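Worksheet: the structure to be examined is printed underneath.
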Number of protein chains: 2
Amino acid sequence: MSESRYTLGIDFGTDSVRAVVVDATNGKQLGGGVSAYRRWAEGRFCDARKNRFRQHPDDYTESMTEAVAGAISQAGREAASKIEGITVDATCSTPCFVDETGTPLACLPEFAEEPDAMFILWKDHTSVAQAERINALARGWKGGDFTAYEGGVYSSEWFWAKALRVAETNPRVASRAASLVEHVDWMPALLAGVKDFRKIVRGRGPAGHKAMWHPSWGGYPPADFLAALHPRLAELRKELPSETFTTNTRVGLLCPEWASRLGLKESVVVSAGIMDAQSGAVGGCVSPGTMLKIMGTSTCDLLIGPKSEGQERLVKGICGQVDGSVVPGWIGYEAGQSAYGDIFAWFRSILAWPLKALPELADRKEAESRIIPAIEAAAAMIEPGESGLIALDWLNGRRTPFADQSLKGAIVGLTLGTDAPMMYRALVEAAAFGSRAIAERLREEGVPIDRIVAVGGVSRKSPLVMQISADVLGMEIGVSAADQSCALGAAMYASVAAGIHPDVDSAQSAMGCGTEMVYKPDPKRRKIYDELYRQYLKLGSMIESERIII
Amino acid sequence: MSESRYTLGIDFGTDSVRAVVVDATNGKQLGGGVSAYRRWAEGRFCDARKNRFRQHPDDYTESMTEAVAGAISQAGREAASKIEGITVDATCSTPCFVDETGTPLACLPEFAEEPDAMFILWKDHTSVAQAERINALARGWKGGDFTAYEGGVYSSEWFWAKALRVAETNPRVASRAASLVEHVDWMPALLAGVKDFRKIVRGRGPAGHKAMWHPSWGGYPPADFLAALHPRLAELRKELPSETFTTNTRVGLLCPEWASRLGLKESVVVSAGIMDAQSGAVGGCVSPGTMLKIMGTSTCDLLIGPKSEGQERLVKGICGQVDGSVVPGWIGYEAGQSAYGDIFAWFRSILAWPLKALPELADRKEAESRIIPAIEAAAAMIEPGESGLIALDWLNGRRTPFADQSLKGAIVGLTLGTDAPMMYRALVEAAAFGSRAIAERLREEGVPIDRIVAVGGVSRKSPLVMQISADVLGMEIGVSAADQSCALGAAMYASVAAGIHPDVDSAQSAMGCGTEMVYKPDPKRRKIYDELYRQYLKLGSMIESERIII
């Protein structure tokens, strides 16, 4: 292993794609590239007021090409020629209707401007009513609860809820489609040149965490269950494979078209895809007892645990627990908050309203980018409890514990003396309280959490958020030294698929990079936050039970 | 009455003082002047985060001099020489500790920088704990409930709560003081050259609405009640007169010092003072069945009703009902919201935070003044119920119904799609819901409200607020044509005190100016608001009963 052997990790985030060329023998990053989705940045096909978020397939392919070109130009042509494997990670559940060749319907001329024919982004919440119907049906189903391994509550963010909405409201799309495919499964199929929708490899994680796939009932939920929701779902199910695959699986070799487009050899191994959070957990060196917190626009909290002998332990209220979704051979537990960095960005956009609306500030729009650093500095001067504010972090619904996308956020305790930094701090505290609610749910079910390692943009950019999280959670939080942990996790998996390392554990040992910074809880602030956390729970259960929602 | 006879009305508001010279024969305004309090504008002696709001007596005298000079320079020297009477109105309860000569302690060198020796502005909420103690004592008092005519709940904004806090926490001020005098009583005494604190005329309104004065128990609450709160209060009470006076009472003639300072004759009659809202009600031509809404930084809702024969009817949860506080011979009912225009100004200040905090916007601070018009235009495009937001208007506590200054505001229903105009509209709706809660409380007690006339800054500046109020209240709201109704009401009273008119009714007939605009409720929006109002009540009672307050 003294000779250099390289892999490529490609990480599709919510707003952009990152590519890294990594030396699989030591984890050194030789080149990186990033590219923001162009149509998405323009707000096309989206309507934030209705929580409709769609992404065009061309955004993915164009930006991937650009990001890989950037990574290769940094790593050099010679390094590119040594790349042996590619793994893609992506947001999930972000499915799209495809035709018989596996082509997204939006790429057909007749659906070029049709948002339902594009990828329905994870945070799209247009399927709240459908998720409720799925939950109602699942709860009373004689053949067992198909949401059991997804925490007992099916989310509007997920595969079947999105499929059902389109089946119900857009028959033109639903009837033209041959299948529905996750973004994270579509990318490797595209790179490997798969031209038959039946041959698209379905990842274990996406299927198990988001689409009610489980071996105990033969894969996806049975046709009669799906038919009770909508006949079209039962038809779509018929064409779905019953088997799913962990990310160490080879999907194929890079097809000539994409080899030429990316400037790589055709012998490069393409592995199955992996969900972005799971990839980040691998890149951040997840291991039993170490919770990986991926802190981005939303959060994902990942843990792995041993498969129990005989009967499986079910953790209620958690998004999912799926054999091999993070690391083959281990149960992957996934929890998370539907909005995290998005909450802070939301408040920035509220404060930036005058910059956008007032003609006299038209030439100062770029000041918006200075708001977060400035308000974090001001908010850091406020003591816990000083503002009298309590906020709820459910601005994009609640994912865990106990998914309910119809819940909304709140700020309570406002006075004429409340200022913007106080409100910002209250939102940061609310996000930390949401994290604590997840950790406490897991502990209540006996899943131990010994330490936390944080990865993702927020963990590196906001010391305020990190310190408040440590104070609220009452645990040390280490920040991973990997600045692109998702892409690094993908590169690790590529090294396994390409045969450079025998398994994920070996890949992590060779390529992992530890923590670079540790936030320690302050005992005094932690005590105050214990009380504020009780107020948060009280407010939350009040709002939840009284349904102050219109 | 064909010959011109003039009077001067002087209106002390929260931020500035206005003076008007009016022709008492026809109500025509001949000249007006306004002056903002200089120290107040600089934020001196205040701490908004602690709800501490103090005003220095020199702010009042300097600004009054400037405002009267402005009015006279517009009306002309000759008109000034024809002025026969002066009435002052002012915020209330805004008391100040004075020495034996009636001089505010802050004017003595040893108290020059002492906020407790200044006027404690109506909206100062530093006496919340003291108000609670007064309420607890009053509730169990064997000799009857002295808060009965003030709605059964004594507010931290009022006379004795403020006196008690200073007695408890600042003995240096409390022991040096000879008495405590309301701003609205101090001004006429100053103008009339009263140099003995015992001779300061106490207005019926301030005493009855804010200081538990009632003839049935011999004026102010008995000494043993006050002594149970603090011995110093009983001593202060000993020096308070037992009689109070309606505003048609002559306090004296303008003293030489102030005649020269204001450029007026010494023969000008100075009447007793009147609370600003009551004056606005008179200027807006209050009459039985017509509720006057004074819409400024806060609101006051004023009504007059006949004295019932035999036993008095008590309206629970309303600030007060006092014989003659608005018009002699009638019971004056006062209700109101502790924050109103202040809520909208608060949200503007939240949005303006980047303008103040970011160096790159330092030269654009004046853009803040454009925020309200721009956001009102945007908020007007949003339909009722569309945003899914419900807010509580208690950002400065709740005055009526059922005073509780410890309550706070809230915004519930936030999503990532919530924008600043939605939040602004939710705050406007909350303010209107607060108005409706007051109107419903009065109706429940059988006090009829046939129509509403609005006066004050908000009623003239914000069509959005007015239309939403009409939709939420389900009543037509006329906007008084008097653009300075408080100052006009004072000028009306001055005409009565000076003997130009025999009574307030005659003064209103001669000098009143009707409504200039009527907002009509839209039946469709009204129905939606009926439902949203129920949500507002539900959220409010939840927050109130669960005490989500820290």
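Worth pointing out:
- Taking the criterion of being out of contact with any helix residue (DSSP H, G or I) (no Cβ under 7 Å at 6 or more places or on another chain), assigned to a helix (DSSP H, G or I) and among the small types (Gly, Ala, Ser), the residues of region B:431-448 that qualify are B:Gly434, B:Ala437.
- A:Arg39 vs. criteria closer than 28 Å to A:Pro502 by Cα, open to solvent by 20 Å² or more (accessible area, probe 1.4 Å), at pLDDT 95 or above and of a type outside the set (Val, Ile, Thr): no
- Condition met for A:Met475 (among the aliphatic types (A, V, I, L, M), more than 14 Å from chain B (Cβ to nearest Cβ) and in contact with a Ser or Thr (Cβ under 7 Å, 6 or more places away or on another chain)): no
- Exactly one residue out of B:Glu368, B:Glu360 is within 11 Å of chain A (Cβ to nearest Cβ), under 26 Å from B:Phe53 (Cβ atoms) and open to solvent by 20 Å² or more (accessible area, probe 1.4 Å), and it is B:Glu368.
- Among the residues of region A:242-256, those identified as assigned to a loop (DSSP other than H, G, I, E, B) and either touching a helix residue (DSSP H, G or I) at 6+ places or on another chain (Cβ under 7 Å) or modelled with pLDDT of 95 or more (or both) are A:Glu243, A:Thr244, A:Thr246, A:Thr247, A:Asn248, A:Thr249, A:Leu254, A:Cys255.
- Hits in region B:115-149 (condition: open to solvent by 40 Å² or more (accessible area, probe 1.4 Å) and at pLDDT below 90): B:Gly143
- Residue in region B:380-407 that is farthest from B:Arg525 (Cα to Cα), counting only those that are hydrophobic (A, V, I, L, M, F, W, C) and not in a loop (DSSP other than H, G, I, E, B): B:Leu395
- Considering residues of region B:160-179 that are open to solvent by less than 10 Å² (accessible area, probe 1.4 Å) and within 30 Å of B:Leu262 (Cα to Cα) only, the residue nearest to the chain's Cα centre (by Cα): B:Ser179
- Residues that are among the charged types (D, E, K, R) and either within 15 Å of B:Arg250 (Cα to Cα) or open to solvent by less than 60 Å² (accessible area, probe 1.4 Å) (or both), drawn from region B:69-90: B:Glu84, B:Asp89
- Test result for A:Ala345, closer than 29 Å to A:Asp483 by Cβ, within 14 Å of chain B (Cβ to nearest Cβ) and outside any helix (DSSP H, G or I): no
- Qualifying residue in region A:150-157 (condition: out of contact with any Asp or Glu (no Cβ under 9 Å at 6 or more places or on another chain) and open to solvent by 20 Å² or more (accessible area, probe 1.4 Å)): no
- Within region A:244-262, being of a type in the set (Gly, Ala, Ser) and either more than 8 Å from A:Gly193 (Cβ to Cβ) or open to solvent by less than 10 Å² (accessible area, probe 1.4 Å) (or both) holds for A:Ala259, A:Ser260.
- All positions within region A:271-315 that are in a helix (DSSP H, G or I) and open to solvent by 10 Å² or more (accessible area, probe 1.4 Å): A:Asp276
- Within region B:331-342, considering residues that are open to solvent by less than 10 Å² (accessible area, probe 1.4 Å) and at the interface with chain A (Cβ under 10 Å from one of its Cβ atoms), the one farthest from A:Lys365 (Cα to Cα): B:Ser338
- Unmet criterion (only one of (1) facing chain A (nearest Cβ under 8 Å); (2) assigned to a helix (DSSP H, G or I); (3) crowded, with 22+ Cβ neighbours inside 10 Å) for B:Ala374: (3)
- Residues in region A:230-243 that are farther than 18 Å from A:Ala177 by Cα and surrounded by 17 or more Cβ atoms within 10 Å (Cβ to Cβ): there are none.
- For A:Pro354, the requirement of being assigned to a helix (DSSP H, G or I) and crowded, with 22+ Cβ neighbours inside 10 Å is met.
- Residue list for region A:385-404, restricted to those being surrounded by fewer than 23 Cβ atoms within 10 Å (Cβ to Cβ) and facing chain B (nearest Cβ under 10 Å): A:Gly385, A:Glu386, A:Gly388
Residue-by-condition table, conditions (1) among the polar types (S, T, N, Q); (2) in contact with a helix residue (DSSP H, G or I) (Cβ under 6 Å, 6 or more places away or on another chain); (3) on the phi > 0 side of the Ramachandran plot; (4) in contact (Cβ under 8 Å) with a residue 24 or more places away in the chain:
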position	(1), (2), (3), (4)
A:Asn135	yes, no, no, no
A:Ala148	no, no, no, yes
A:Ser156	yes, yes, no, yes
A:Lys162	no, no, no, yes
A:Asp185	no, no, no, yes
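The values are calculated or read from the model by the stated rules, or taken from the named source; none is laboratory data. The shown structure was predicted, so the numbers you read here are calculated from the model rather than taken from an experiment. Because the Cβ atoms are built from the backbone with ideal geometry, glycine has one as well, and the counts that use them run over all protein chains shown. Areas reflect the complete protein model, heavy atoms only, side chains present, ligands, DNA and RNA absent. Shrake-Rupley method; radii C 1.70, N 1.55, O 1.52, S 1.80 Å.
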